[in-house]
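The values are calculated or read from the model by the stated rules, or taken from the named source; none is laboratory data. Model, not experiment: these values are computed from the prediction. Don't worry about glycine lacking a Cβ; one is built from the backbone with ideal geometry, like all the others, and counts go over all protein chains shown. Side chains included, ligands, DNA and RNA excluded: accessible areas come from the protein's heavy atoms. Shrake-Rupley method; radii C 1.70, N 1.55, O 1.52, S 1.80 Å.
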Amino acid sequence: MLKLFNDFELYYDYGNMCAYGLRGRNGGLICKPTGWLSNNPALLASVTHKGNGLHEHEECMGGNAKLAAVYTKQLAKSLVDAFTSEMQDLGDERFILATSTSTPMPGTPAWPAPSTPGPGPMLEDDHVSLQKDPDSWRPLLKEAAERLEGKVAVAAEIKPSAFLEQVKALVPWHISFAQIYRTPKTRRLPTQRMLNVPEITHRGAALLYHDNTIEVESQALEDLTNPNSRFERSVRVAIFIYGKPMAVETSAQRRTLSKLTSPPTPVAVEPEQTMKPWEPGAADISFPGLSEDQVPRWMQNALERIHSNLGRFNERVTLDLLYTKDSSGETFAFLNQVDDATTLQVLTLVNDRNSSTITSALVKGWFQHYGLPETLLVDAEGAMKSFAFDELMAQSNIMVRF
């Protein structure tokens, strides 16, 4: 994921699935922080709403974990609405027509739509994007307290482990150093380690206070005025994280991106792209009741060309004999009939290769069900070069090509 993130200059953020109506087996909401990568800030914002913190969560374990693997309709609608809006802003005719105001899906919570921030101070989430939901941190802080309980040492580095992976899921940083700490009095800064790891640009902390409340904070080191400031309340246990956040778009970047969007340039129709009335397929597609404002002329021409290039059903049909054996080794012959435009295939069992048998199978099969084709493409099979076959083709006005 890091390679994908860096190679394609993507944006990262996370959302809480409770904001999109994800519920567990008992009907309660499931938080399930979910990270997303995208090259489009608007699409990323549509799937990264955060919970409002005013409700309780079911644990994402057991049967709930299976339920959480399925994205909700609210999440899908939020993403589709954002995609449609982006396509309209880019001038895509397919989406400009869809300008009617959509009504919320039944049961869809009215979460506020993401807005583009105007000039002003940069928000913390613009450059840190740290998971702030207390319920997401509570199991990790509880485990940290259990690990340090009864130990002489008050702190321990978090080594590569499942515990560290859970921390990474909540902290989308390039983490250089993380530790758990019992009853810290002040905020900490690993100055000795920073001499060897210059990539540390931010610090974060998840704090479990003695009153059982949880607070999550993060800071850029360049903004620190007092690196070792004291905590305002008594901390029971803390998880300290140091590293460099992944590149999430800032307010200034979003304003720059919005300025880059320019009105679409009308698509000019080249003369050679316009089908003449006498060309095959030119009259097969029409657009009754639609003006060129609704279906531009260039799109009409493109659809006509595609239709003409692909061909029409029953315009060209290929014929040959196909032989196959069953499990006992007995050989069977089939008249293989395939429509060139749609690749519809029909197999008719024939008893022999005589011309009368082949023509009878063709007439009672394909001709009876689908009508006479304009052209038949056949191989050099003897039955298809016989007088009876040629006479049938002449009477049916079917062109035969070998």
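If I filter region 170-193 down to residues being at pLDDT below 85 and touching a strand residue (DSSP E or B) at 6+ places or on another chain (Cβ under 8 Å), which single residue comes out as nearest to ALA238 (Cα to Cα)?
ARG188
Under the condition of being part of a helix (DSSP H, G or I) and touching a helix residue (DSSP H, G or I) at 6+ places or on another chain (Cβ under 7 Å), which residue from region 352-361 is most open to solvent (accessible area, probe 1.4 Å)?
The extreme case among them is SER356.
From (1) open to solvent by 30 Å² or more (accessible area, probe 1.4 Å); (2) at pLDDT below 90; (3) among the aliphatic types (A, V, I, L, M), pick out the condition that doesn't hold for VAL295.
(1)
Here are LYS385, LYS364: which of them is of a type in the set (Lys, Arg) and either at pLDDT 90 or above or open to solvent by less than 30 Å² (accessible area, probe 1.4 Å) (or both)? Spell out how you get there, then give the answer.
Values: LYS385 fails: either at pLDDT 90 or above or open to solvent by less than 30 Å² (accessible area, probe 1.4 Å) (or both).
From the options LYS385, LYS364, the qualifying one is LYS364.
Take VAL317 and tell me if it is without any contact (Cβ under 8 Å) to a residue 40 or more places away in the chain and not in a loop (DSSP other than H, G, I, E, B).
It is false that VAL317 is without any contact (Cβ under 8 Å) to a residue 40 or more places away in the chain and not in a loop (DSSP other than H, G, I, E, B).
Please enumerate the residues belonging to region 1-54 that are assigned to a loop (DSSP other than H, G, I, E, B), of a type outside the set (S, T, N, Q), closer than 20 Å to SER136 by Cα and open to solvent by less than 50 Å² (accessible area, probe 1.4 Å).
Scanning region 1-54 gives GLY21, LEU22, GLY24, GLY27, GLY28, CYS31, VAL47, HIS49, GLY51.
Just to be sure I understand, how many residues within region 367-378 are open to solvent by less than 60 Å² (accessible area, probe 1.4 Å) and in contact with a strand residue (DSSP E or B) (Cβ under 7 Å, 6 or more places away or on another chain)?
Of the residues in region 367-378, 5 are open to solvent by less than 60 Å² (accessible area, probe 1.4 Å) and in contact with a strand residue (DSSP E or B) (Cβ under 7 Å, 6 or more places away or on another chain).
Just wondering, is there one or more residues in region 301-319 that are within 48 Å of the chain's Cα centre (by Cα), open to solvent by 80 Å² or more (accessible area, probe 1.4 Å) and more than 26 Å from LYS276 (Cα to Cα)? I'd like the intermediate steps shown before the answer.
First pass over region 301-319, keeping only residues within 48 Å of the chain's Cα centre (by Cα): 301-319.
Next cut, open to solvent by 80 Å² or more (accessible area, probe 1.4 Å) only: 306, 309-310, 313.
If we keep only those that are more than 26 Å from LYS276 (Cα to Cα) as well, we get none.
Looking for residues that are within 48 Å of the chain's Cα centre (by Cα), open to solvent by 80 Å² or more (accessible area, probe 1.4 Å) and more than 26 Å from LYS276 (Cα to Cα), one finds none in region 301-319, hence no.
Which residues, counting only those in region 55-64, are assigned to a helix (DSSP H, G or I) and in contact with a strand residue (DSSP E or B) (Cβ under 9 Å, 6 or more places away or on another chain)? Break it down stepwise before answering.
Of the residues in region 55-64, the ones assigned to a helix (DSSP H, G or I) are 63-64.
The answer is ASN64, and nothing else.
Mind checking which strands (runs of 3 or more DSSP E) fall wholly inside region 129-219 and carry at least 3 residues that are open to solvent by less than 70 Å² (accessible area, probe 1.4 Å) and touching a residue at least 40 places away in the same chain (Cβ under 8 Å)?
In region 129-219, 173-182, 202-209 are the strands (runs of 3 or more DSSP E) which contain 3 or more residues that are open to solvent by less than 70 Å² (accessible area, probe 1.4 Å) and touching a residue at least 40 places away in the same chain (Cβ under 8 Å).
Would you mention how many residues in region 367-391 are among the small types (Gly, Ala, Ser), under 20 Å from GLU315 (Cβ atoms) and assigned to a helix (DSSP H, G or I)?
Residues flagged as among the small types (Gly, Ala, Ser), under 20 Å from GLU315 (Cβ atoms) and assigned to a helix (DSSP H, G or I) within region 367-391 amount to 0.
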